[in-house]
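To keep things clear, I will list the structure first and then write my remarks on it.
The values are calculated or read from the model by the stated rules, or taken from the named source; none is laboratory data. These numbers were taken from a predicted model, which means no experiment stands behind them. So basically every Cβ, Gly included, is an ideal-geometry build from the backbone, and we count neighbours across all protein chains shown. Accessible surface is based on the protein model in full, side chains and every heavy atom, while ligands, DNA and RNA are left aside. Shrake-Rupley method; radii C 1.70, N 1.55, O 1.52, S 1.80 Å.
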Amino acid sequence: MKEFYTSVIELHQPISQQFSSEPYECGWASEALFFLTVHPEIADFDHLLVRSKNSPDGVHWTEAPGDATLISEPGLTAIALTQFGGWLRLEIALEGAAQKAMVTLHLALKG
């Protein structure tokens, strides 16, 4: 029987320009699904460029395999990963004049 666990990584986190989420250890899992919510209360950007980051130790980071996700409006976005190391996090870059947003990030793991 598979194990399943969901964690709140960021909760109503205001961000501007560049942001990296808290790292999360998930080496036991075979699948990871980030749920990124961009709240409409603070969503002053043209686009969010979201990349998954991968780490063997939670200290040294590299881009996870796969494409970046481009978000252009508030709402919920799912980002699925099946190839990753022991630790995961998301890196978010904002594009636009004011460059600010508020996000909540959940990570669902299965293994």
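Would you mind getting me the FRET efficiency between Gln13 and Asp46? Use the beta-carbon distance for r and R0 = 22 Å, nearest 0.05.
E(calc), rounded to 0.05, equals 0.65.
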Over the range 48-111, what lengths in whole Å, largest first, do the semi-axes of the equivalent ellipsoid take, defined as the square roots of 5 times the eigenvalues of the alpha-carbon gyration tensor? 23, 14, 11
Using a Förster distance of 22 Å, how high is the FRET efficiency between Ala68 and Glu3, based on the Cβ-Cβ distance and rounded to 0.05? 0.15
For the range 5-17, Karplus couplings with θ = phi - 60° (6.51, -1.76, 1.60), whole Hz, Gly/Pro x: 8, 10, 10, 8, 8, 9, 10, 6, 8, x, 10, 8, 6
Give me the tail of P(r) for the chain as a percent: Cα-Cα pairs with distance above 26 Å. 15 percent
Which order do Lys2, Lys53 take by accessible area at a 1.4 Å probe, largest first? Lys2, Lys53
